[in-house]
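Peer 1: Dropping the structure in here first, questions after.
Nothing in this text is a laboratory measurement; each read-out follows from the coordinates by a stated rule. Here the structure is a predicted model, which means the values were calculated and not measured. No Cβ is skipped: glycine too gets one built from the backbone with ideal geometry, and neighbour counts run over all protein chains shown.
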Amino acid sequence: MRVLFVDDDAMNRRVVSDMMQLAGVTLEEAPDGETGLKMVEAGEYAVILMDLRMPGMDGLTAISHIRARGDAKAKLPIIVVTADTSRDIRETCLAGGADDVMMKPVAMKALFKAMGEAIAAHAKR
């Protein structure tokens, strides 16, 4: 399984990379939304993990670009992984096209559970 993680913080990418490696998952990383979009264009992923607050293109904008595609990649499962604890952040992300929202720091078990649920939900569509 290939996963794309879009996050500007190198330490966050390292933590998630270590989790994925332990589970035998191939993780590809992008440091910003624009790079993430290019990687979606060029690659095949089972799920995308997306930070919200990044320089340049933020996560919600990147999600809207993915959802606006005219191909199967528009329906890729996207899980927001954020440190934003705003009261309405979950609703904002879901309304913006995310499939789920996880708060940092993420626990490995919870992350894999959310990924599995998002992938299964998309397989039924």
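Peer 1: Select from the stretch 72-111 those trypsin sites (Lys or Arg not before Pro) which occupy a DSSP coil region and have at most 11 other Cβ atoms within 10 Å, ordered by residue number.
Peer 2: Hits after loop and neighbour filter: Arg87.
Peer 1: Would you kindly state how much longer the chain becomes between Arg53 and Met1 on full extension, computed as 0.36 nm times their sequence separation minus their alpha carbon distance, in nm to one decimal?
Peer 2: 16.1 nm
Peer 1: Could you tell me the calculated FRET efficiency between Thr61 and Glu41, based on Cβ-Cβ distance and R0 = 22 angstrom, to the nearest 0.05?
Peer 2: E between Thr61 and Glu41, to the nearest 0.05, is 0.90.
Peer 1: Determine the shape class of the stretch 2-124: with a ≥ b ≥ c the square roots of the Cα gyration tensor eigenvalues, call it rounded for a/c under 1.5, and otherwise prolate if a/b is greater than b/c, oblate otherwise.
Peer 2: rounded
Peer 1: Also, quick follow-up: Can you pull out the GluC sites (Glu not before Pro) in the stretch 1-106 that DSSP calls coil and that have at most 10 other Cβ atoms within 10 Å?
Peer 2: Glu44
Peer 1: Next question. Near the amide H of Leu27, under 5 Å away, which other amide H atoms are found, from residues 5 or more places off or on another chain, if H is placed in the peptide plane?
Peer 2: Distant-sequence amide H within range of Leu27: Val3.
Peer 1: Kindly write out, for the stretch 34-39 in residue order, the coupling ³J(HN,Hα) from the Karplus curve 6.51 cos²θ - 1.76 cosθ + 1.60 (θ = phi - 60°), rounded to whole Hz, with x marking Gly and Pro.
Peer 2: 4, 5, x, 4, 5, 5
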